[in-house]
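Shown next, in structure tokens, is the structure this report addresses.
The values are calculated or read from the model by the stated rules, or taken from the named source; none is laboratory data. Remember, predicted model here, so these are calculated numbers, not experimental data. Methodologically, a virtual Cβ is constructed for each residue, glycine included, from the backbone with ideal geometry; neighbour enumeration extends over all protein chains shown. Surface accessibility is based on the protein's heavy atoms, side chains included, excluding ligands, DNA and RNA. Shrake-Rupley method; radii C 1.70, N 1.55, O 1.52, S 1.80 Å.
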Amino acid sequence: MTANLLKPYALNNTINLSNRILMAPLTRCMADDNLVPTQLMAEYYARRAEAGLIISEAVIIRPDGQGFPNTPGLFSPAQIEGWKIVTAAVHKNGGKIFAQLWHTGRVAHPYFYGNGDADASVLAPSAIGVEGTVPRMRELTYKIPKAVTVEEMKTLVADYGQAAENAIKAGFDGVEIHGANGYLIDQFLHHDSNRRNDEYGGSSENMVRFPLEVIDEIISKIGADRTGLRVSPGAYFNMTGDSKDRAVFDLLLPELEQRNLAFLHIGIFDDSMEFDYLGGRASSYVRENYSKTLVGVGSYSAEAASSAINDDKFDLIAIGRPFIANPDYVAKIRNNEPLTSYSDEMLTSLI
Ligand code: FNR
């Protein structure tokens, strides 16, 4: 029984979802070389418009946020025009779509934005690099980042706000701030990547400061009703967890609670993962410490998601890989039809 997934849900007075199934943000690396979304991308998203809400693939807020090839942006006029075609196609099919706003921080690579200068800055809270090489471009080794200055952080906050305004201009229904999965905002929230000793590091109060500045800037530009956030309290990707991280999220969640965001969304690939310092699953930890709309995600079947919502573990479910394999995921669930299984080869084209 999955009937509860198909019931409408009001995020707030501004945004009503026709069902509780979100399409999770899924990077596809298919924008053109100016990072403009293409007609094929518009058709890909439009085919999935039956989702209660589509969260777009992560969209970079400015050039030095790029860590993967051909990820779309929202900082140039051409990119805004390109996204208008995508959002119009989704709306024409009755759907809603938020843009996921992204800066990869220390996972960025100057190959993408340095105009040939391999030493162009990679910005992060502290000068601590990630091991390894860029996925899909294994010849590129990650650089040691430069600890971002307070002055540069002010510009970053303004650039997040501008990207949110650009998203609304491009016809998006709102934005999801990418605060998860080991990227810039998440790098401030974990001790592994934030070793600052100024007002942006060293204590939980200081470590939440930059993320809250970004959130507040975006809320001031487009309103809390149109602003969602994805977070990874359990470090699992491009990051090592630290038991001290718990105190950071214990402080962050009540701060978020006061801001009346459209939703909070967990960033994880498999929600059965447990974290010692969170006392179990990331979703259970957030549910206990945050009372507003929560989006669960991570290796859920429709049946498992339906039970979890029924048991009040979260309010909405985001579906990732099955949505790559099944553009008509929602119709298949409604009609009780078998799903096509996901496989990594599907990433090479936009079906
Ligand atoms: C992802 N995921 C992801 N997350 C995110 O916040 N922004 C992104 O751009 C991406 N990109 C992305 C690409 C691909 C190919 C995969 C498989 C995953 C994570 C995704 O949103 C989701 O959390 C996971 O896929 C787990 O959900 P499923 O796939 O088990 O339903």
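Among Gly73, Gly52, Gly201, the largest mean-square fluctuation in a Gaussian network model of the chain (Cα springs under 10 Å) belongs to Gly201.
In order along the range 91-107, the phi-based Karplus estimate (6.51 cos²θ - 1.76 cosθ + 1.60, θ = phi - 60°) of 3J(HN,Hα) comes to 5, 4, 8, x, x, 10, 8, 9, 8, 8, 8, 9, 9, 7, x, 6, 8 Hz; Gly and Pro are listed as x.
Quote the FRET efficiency, to the nearest 0.05, computed for Lys332 versus Glu43 with a Förster distance R0 of 22 Å and r equal to the Cβ-Cβ distance. List each step's numbers first, then the result.
On the way: r = 19 Å, r/R0 = 0.86.
Taking R0 as 22 Å, the efficiency between Lys332 and Glu43 is 0.70.
Amide H contacts of Leu140 (H built 1.01 Å from N, in plane; Pro and chain starts excluded): Val134 sit under 5 Å, all sequence-distant by 5 or more or on other chains. Placing unit charges on each Cβ (+1 for Lys and Arg, -1 for Asp and Glu) gives the chain a dipole about its Cα centre, and among Leu347, Ser272, Leu6 the Cα reaching farthest toward its positive end belongs to Leu6. Accessible area per residue for the range 1-151 is 40 Å², calculated with a 1.4 Å probe on protein heavy atoms, without ligands, DNA or RNA.
If the viscosity is 1.002 mPa s and the temperature 20 °C, what translational diffusion coefficient in µm²/s does Stokes-Einstein give for the range 1-116 when Rh comes from Kirkwood over Cα pairs?
In µm²/s, the coefficient is 143.
From the convex hull of the Cα coordinates of the range 1-40, what is the mean projected area in square nanometres? Its average projected convex-hull area is 4.8 nm².
In whole Å, what three semi-axes, largest first, describe the equivalent ellipsoid of the chain built from its Cα gyration tensor (square root of 5 times each eigenvalue)?
Whole-Å semi-axes of the equivalent ellipsoid: 29, 24, 19.
Once every DSSP H run of n ≥ 4 in the chain is given -39500 (n - 2.57) and the sum is divided by its residues, what mean residue ellipticity at 222 nm do you get, rounded to the nearest 500 deg cm²/dmol? List each step's numbers first, then the result.
Details: 12 runs with 113 residues, N = 351.
Counting only the DSSP helices, I get -9000 deg cm²/dmol.
Close amide-amide hydrogen proximity is noted between Glu57 and Leu26, each under 5 Å apart and 5 or more residues distant or on a separate chain (H modeled in the peptide plane; Pro and chain starts excluded). Taking the chain as a Gaussian network of alpha-carbon nodes connected by springs under 10 Å, the highest mean-square fluctuation of the residues Ser341, Ser306, Ser272 belongs to Ser341.
Surface composition of the chain: carbon and sulfur make up 49 percent of the accessible area, probe 1.4 Å. In terms of accessible area, using a 1.4 Å probe and ignoring ligands and nucleic acids, Glu303, Glu152 rank largest first as Glu303, Glu152.
Amide H to amide H distances under 5 Å link Leu17 with Tyr9, Ala10, Leu11, where only residues 5 or more positions off or on other chains count and H is placed in the peptide plane.
Per 5 Å bin, what percent of the C-alpha pairs of the range 228-295 does each bin hold, from zero upward? Computed distribution, short to long bins: 3, 18, 31, 28, 15, 5. Accessible area per residue was computed with a 1.4 Å probe on protein heavy atoms; His178 scores about 10 Å².
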